[in-house]
Amino acid sequence: MPKIVLKVELDFIEKIISRYPAGVKLDELLTIDEMRLSQRTLQRRLNMLIEQGRVIILGKGASSKYQTSLSAAPPYGVFQIPLTMESRSIRDYVNQPLENRHSVKYNRQFLDTYHPNETYYLSHSIREHLKVIGNHPTSVPIAGTYARKILNHLLIDLSWNSSRLEGNEYSLLETERLLDFGEKSDNKSIADTQMILNHKAAIEFLVASAEDITYDRSTILNLHALLSDNLLSNAAACGRLRHIPVAIAKTTYSPLSIPQLIDECFQQILAVACKIHDPFEQAFFVMVHLPYLQPFEDVNKRVSRLSANISLIRNNLSPLSFVDVPEKAYVDGILGVYELNRIDLLRDIFVWAYERSAARYTTARQVLGEPDPFRLKYREQFIELIGAIVRDCLNVKESIHYIQTWIESHIQETDRARFREITEIELLNLHAGNMARFRLKPLEFETWHQQYK
């Protein structure tokens, strides 16, 4: 069959399937008048669409349905994260209902088959790309030098973003007030406040100890103790490997339950990580295997995210602060590891996240970067909102409440979280040298600035 005819057929079948957001059975497709293909031919075409990542199968056997990838999993909010075909297939699979996904247990072979400096989760081209954008040459080759220079920014960025990925409801402004002035938000839970403060303590530990820490047992256990402080029902579990089974919500994956095997695999993960030469491969390896093992009763993903920064901080590279990473994207990537032992989706998110984190800490990149379409779309709204805050001389607490109320009445729901984040960043960085961007007069800015902090 000529290629052009085959392409037309595949496009046509995909279009037909897209009419059924919940999926469509094979026999139902055959009854459609426009579908003038035999069952055997149609089955072959469907298999080709599946191989290309354009269609997925829901369920098994006679009850299985076909569904287009687009209908299976929408884009991650306002962010168009570049995904490979393999990543899209993972995303489609983990977005199926639980009953359509296979129950799986911890697969020791997934770890055993990784050989440091021979096996690579990140290709050579990806590692070189990350090295270029993350490198910050310093005349003082002391581990952690770069992280200390940007510590204030890092504390807020990483504490807020890592906590946000856990469902923490603190805003960026509230996080800044808590970390800089110890000012707790009255309308947030004690657990959310504790989570933010624990991140601060853990990040300070990593930066202050950069010359001494590595992927060893003491470092990771202490990191867990700091991140889980006052958050576990069993206080004795802080900084200790678990001795009880755990279940993870919204997944078909069951972690190891035998304490001896947990300890054994934990030591193996650390031993392998220490042998990896490339700092980015090290970072990503622990982001994959620590949460997969679930060595602690809770707080495993937080430990993995901060552990990923150990190799970056030690090598004076831009840290990974998870700026802009959608919670849904991160969770999908982790589920791909849990249920399929496939790292493609988490890898694509890791690379995208590092690019944004590195840009945040590189002045030249920020100045020369491409315009943000989202900021352009809401340019006038940013000017209006920030102008109102300044002209009304609102302090931090008043600003937080005003921003929330204003956004609810002016911004569409899908864009509110991103809009709020940008507004808070702009307020944190507003000064006499850039106030004209928001059509503010010097007297208006000075009057507001004197009492804002």
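Being in contact with a helix residue (DSSP H, G or I) (Cβ under 8 Å, 6 or more places away or on another chain), under 22 Å from residue 326 (Cβ atoms) and either in a helix (DSSP H, G or I) or aromatic (Phe, Trp, Tyr) (or both) narrows it down to one residue among 383, 407; which is it?
Numbers: 383 fails: under 22 Å from residue 326 (Cβ atoms).
Among 383, 407, only 407 is in contact with a helix residue (DSSP H, G or I) (Cβ under 8 Å, 6 or more places away or on another chain), under 22 Å from residue 326 (Cβ atoms) and either in a helix (DSSP H, G or I) or aromatic (Phe, Trp, Tyr) (or both).
For the stretch 45-65, how many residues meet the condition of being over 15 Å from residue 17 (Cα atoms) and either assigned to a helix (DSSP H, G or I) or of a type in the set (D, E, K, R) (or both)?
The number of residues fulfilling the criteria is 5.
Name the pairs: first residue in the stretch 373-394 and among the aromatic types (Phe, Trp, Tyr), second residue not in a helix (DSSP H, G or I), Cβ to Cβ under 8 Å, at least 6 apart or on different chains?
Pairs that qualify, where the first residue is among the aromatic types (Phe, Trp, Tyr) and the partner is not in a helix (DSSP H, G or I), are 374/78; 378/411.
Which of the residues belonging to the stretch 35-49 are surrounded by 15 or more Cβ atoms within 10 Å (Cβ to Cβ) and either without any contact (Cβ under 8 Å) to a residue 12 or more places away in the chain or within 14 Å of residue 24 (Cα to Cα) (or both)?
Of everything in the stretch 35-49, those that are surrounded by 15 or more Cβ atoms within 10 Å (Cβ to Cβ) and either without any contact (Cβ under 8 Å) to a residue 12 or more places away in the chain or within 14 Å of residue 24 (Cα to Cα) (or both) turn out to be 42, 46.
From the list 121, 106, pick out the single residue that is surrounded by 14 or more Cβ atoms within 10 Å (Cβ to Cβ) and touching a helix residue (DSSP H, G or I) at 6+ places or on another chain (Cβ under 6 Å).
121 is the lone residue from the list that is surrounded by 14 or more Cβ atoms within 10 Å (Cβ to Cβ) and touching a helix residue (DSSP H, G or I) at 6+ places or on another chain (Cβ under 6 Å).
Tell me, which residue of the stretch 326-380 that is modelled with pLDDT under 90 and of a type in the set (S, T, N, Q) is surrounded by the most Cβ atoms within 10 Å (Cβ to Cβ)?
Per the criteria, the residue is 362.
Would you pick out the residues in the stretch 302-356 that are on the phi > 0 side of the Ramachandran plot and polar (S, T, N, Q)?
Of everything in the stretch 302-356, those that are on the phi > 0 side of the Ramachandran plot and polar (S, T, N, Q) turn out to be 316, 341.
Please specify each residue of the stretch 226-250 satisfying the condition of being surrounded by fewer than 21 Cβ atoms within 10 Å (Cβ to Cβ) and part of a helix (DSSP H, G or I).
Scanning the stretch 226-250 gives 235, 236, 237.
So which residues in the stretch 98-121 are in a loop (DSSP other than H, G, I, E, B) and in contact (Cβ under 8 Å) with a residue 12 or more places away in the chain? If you could, list the steps in order and put the result at the bottom.
Residues of the stretch 98-121 in a loop (DSSP other than H, G, I, E, B): 101-103, 106-107, 113-115, 117-118, 120-121.
Within the stretch 98-121, 101, 102, 103, 106, 107, 114, 117, 120, 121 meet the criteria.
Taking the stretch 16-44 as the region of interest, how many residues are among the charged types (D, E, K, R), closer than 25 Å to residue 98 by Cβ and not in a loop (DSSP other than H, G, I, E, B)?
Number of matching residues: 1.
The values are calculated or read from the model by the stated rules, or taken from the named source; none is laboratory data. Values in this document were obtained by computation on a predicted structure and should not be read as measured data. Heads up, the Cβs are rebuilt from the backbone with ideal geometry, glycines too, and the neighbour counts pull from every protein chain shown.
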